[in-house]
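In what follows, a single structure is set out as structure tokens and then discussed.
The values are calculated or read from the model by the stated rules, or taken from the named source; none is laboratory data. The structure displayed is predicted, hence computed values, not measured ones. Cβ: placed from backbone, ideal geometry, glycine included. Neighbour counts: every protein chain shown. What goes into the accessible areas is simple: the full protein's heavy atoms, side chains included, and nothing from ligands, DNA or RNA. Shrake-Rupley method; radii C 1.70, N 1.55, O 1.52, S 1.80 Å.
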Amino acid sequence: MSRDVMARFLKKKKVDTSSELIDLDTLPSDPYDRKPIESYNVNQRDEIRRAYILRGPYQPRGIEFPQTTFQGDELRKFKEEWSHFGDGRDTFVSGGYNNWKRTHKEKREYRLRLSASTLLGKRLLNGGLAFCGHDESKDSLNKGNFLELLELMGEMNEELAKVILENAPANNQMTSPKIQADIKHCYAQEVIKQILEELGDDVFSLLVDESCDVSKKEQMAVVIRFVDKVGIVKERFIGLVHVKETSAITLKTAIDDILARYGLSLKRIRGQGYDGASNMSGEFNGLRALILKENVSAFYIHCFAHQLQLVVVAVAHKHTPIWRVFETITCLTNAVCASSKRQDMLRENQRRQLEKMEDVLCTGSGLNQEMTLSRPGDTRWNSHYKTLSRLISLYPNIMEVLGWLVETGQTLPCSRQADGLLEDMKKYDFVFYIHLMEHILNITHTLSQCLQRKEQDLMNAVKLVSSTKNQLEKFRLEGFNEFLEKVNSFCDMYELEVKKLDDEYVNPRWPRRKTNITNRHYYEYDCFNAVLDLQIQEFGNRFNEVTSELLVCMSCLSPCDNFSAFDIPNILKLAEKYPYDFNEEEKRRLPVQLENYFNFVKKDKQFANLDVEARGGRMLRLDRKSSNRIRGKPLVKMSAI
């Protein structure tokens, strides 16, 4: 390339600086008087633009706009209130604007599209249905609920069909994921507003739980529980917050933020409900402890049904032989229930066994039904009672299925697994522990079923917890001999090894090492008593006296059976636990007021034969805001405590 050509490309262009620099303060404000920006000096154009931007919008006033002919002989002119219309350029400044009919038409079509999208979003939200689909392309057969139903609305309404989807402008179809998200957000804000109006200035309880979503992000759900103005208990979800970690301080900060966002205060909290994790329910550094430091009336009450589940979980995790037994049961259910052929074989063996016992069997409705080995649930430990009960009932049938798997040897791993399970099931320790846990879960099963009812009497629940704990203590002190006879009888029935109680116990891990204890000592103290001690100890830890006392005091407000549970001393104890709601003067007047109230309602026929469940679980509570009288408020259901 020649030097002349290089010079031509590298030669700098001359900048026209002939225009003089002007004073920015002399720039006209009226757009009519402004010169085009290109007419100013090129070195000053940016400053001029910035000066106009800093001045802000300008709307001329008191101008007589010229009239123009419109549709024949009709005269029209521009009005000042129309100045927000336009196409984004200098329409009104330079050439003027006279396409008002098109503007109003576009506005009407936009409102129609917006109404269709918002009404459709409302219906989808009411049904809890998803908006978007996996494939929303034009050729997709299922574009998702939002687009599919919007298209259906267009097919049913010709006027709507002309302004939606393909018939709408490409940049104004009101169907993009962002628009759908905005619609959902607007409805969410309206719902939150309604919830806060229902709550008003009253107190509430806080329910919190956290879990990972499909994207592995830790999410914290926040729910408030309160009593509305007509006395109905309501639980309302108010937010889902992403937290980077699940430490108590992080969760507390997130709760403070969401409460502050909606104008709620920690001082109004009268109850906390979390799971049993240490970061949530820890007595010293847990979330409940951090909130209790700011509000002593925010009592923590854990779900009774969940606490009972955690009692059994703790025993299974802390006692190694019990944990091994449940691991064996898990493998056993996977092996026996892995195919329909094995389950059919199990049922057939059960049928043949029943035929042999036909002379001694009791007949009747619901008796001698077909059974299969039930899989225990991970989140419902009372389901293990059903699994253990069926395992004991189907013990010989399960042994036959495992023996068939060993003999046929269809696959080597399957055959080896069945052989190992068969050997484990023949051991005395396995039989001992499945009977022990079956009996313990049988004692707690009744309590578990009662605590999961939607409507539960508080006093009855506390009594059931105490009764179950007493049953376990009695079984530990007096039940070993009878239990051992039951285990030995089971072993004799199926020709299994029975341990001689007076012989020296041999540890299978170190068979040559002397233990210096008998079999009776090992199975009674190291196994039987150890498991029951863990169970009883967990009962005491999970169902503490503070929670029980609080529930007993609340149950005294129940109007059932003509206020038979009404107890003034316990109600006074309840008032002492809420210092923010009762001052010293009100506490002094409270005994006399309660006595007057009790005498009044006893004679009121409206309270006779009152059915709490039929009235939505309502009970009476103290209300110092209405002239220190008592008014109706809902009963705290056990399912939510």
Exercise for review: Output ³J(HN,Hα) for the range 529-538: one whole-Hz value per residue in order, computed from phi by the Karplus curve 6.51 cos²θ - 1.76 cosθ + 1.60 with θ = phi - 60°, and x for Gly and Pro.
Suggested key: 5, 5, 5, 5, 5, 4, 5, 5, 5, 5
**Study point:** Separation of the R588 and N541 label points, Cα + 7 Å toward Cβ, nm
**Key:** 4.6
**Study point:** trypsin sites (Lys or Arg not before Pro) lying in DSSP loop within the range 433-521, provided at most 10 other Cβ fall within 10 Å
**Key:** K454, K500, R509, R512, R513, K514
Review point. What accessible area per residue comes out for the range 490-539, rounded to a whole number of Å², with a 1.4 Å probe?
Key: 66
Check your understanding: K234 to N171: FRET efficiency via 1/(1 + (r/R0)^6), r the Cβ-Cβ distance, R0 45 Å, to the nearest 0.05?
Key -> 0.60
Point to revise | 1.4 Å probe accessible area per residue over the range 177-272, in Å² | key: 54
**Study point:** With every protein chain in place, the range 483-563: carbon and sulfur % of accessible area (1.4 Å)
**Key:** 46
Exercise for review: For each pair in K217/K318; K244/K293; K427/K500, compute the distance between the two Cα atoms and list the pairs where it is over 22 Å.
Suggested key: K217/K318; K244/K293
Point to revise | Calculated FRET value between A51 and K105, using beta carbons and R₀ = 45 Å, to 0.05 | key: 0.75
Check your understanding: Sorted by mean Cβ packing within 10 Å, highest first, what order do the peptides 203-212, 37-46 take?
Key -> 203-212, 37-46
Practice item. Would you mind working out the magnitude of the charge dipole of the range 193-244 relative to its Cα centre, with +1 at each Lys and Arg C-beta and -1 at each Asp and Glu C-beta, to the nearest 20 Debye? Key: 180
Check your understanding: From the backbone phi of the range 161-171, what are the Karplus-calculated ³J(HN,Hα) couplings (6.51 cos²θ - 1.76 cosθ + 1.60, θ = phi - 60°) in whole Hz, Gly and Pro given as x?
Key -> 4, 6, 10, 10, 6, 5, 7, 9, x, 4, 9
**Study point:** Segments 219-230, 256-267 sorted - mean Cβ within 10 Å per residue, highest first
**Key:** 219-230, 256-267
Check your understanding: For T68 and Y580, what does the FRET efficiency come to when R0 = 60 Å and r is the distance between their Cβ atoms, rounded to the nearest 0.05?
Key -> 0.25
Check your understanding: Taking the Cα centre of the range 153-210 as origin and charging only Cβ (+1 Lys, Arg; -1 Asp, Glu), how large is the dipole, in debye to the nearest 20?
Key -> 360
**Study point:** In the range 101-212, lysine pairs closer than 28 Å at Cα, eight or more apart or cross-chain
**Key:** 28
Check your understanding: By the scheme Lys and Arg +1, Asp and Glu -1, what is the net charge of all other residues having a beta-carbon under 9 Å from that of G200?
Key -> -4
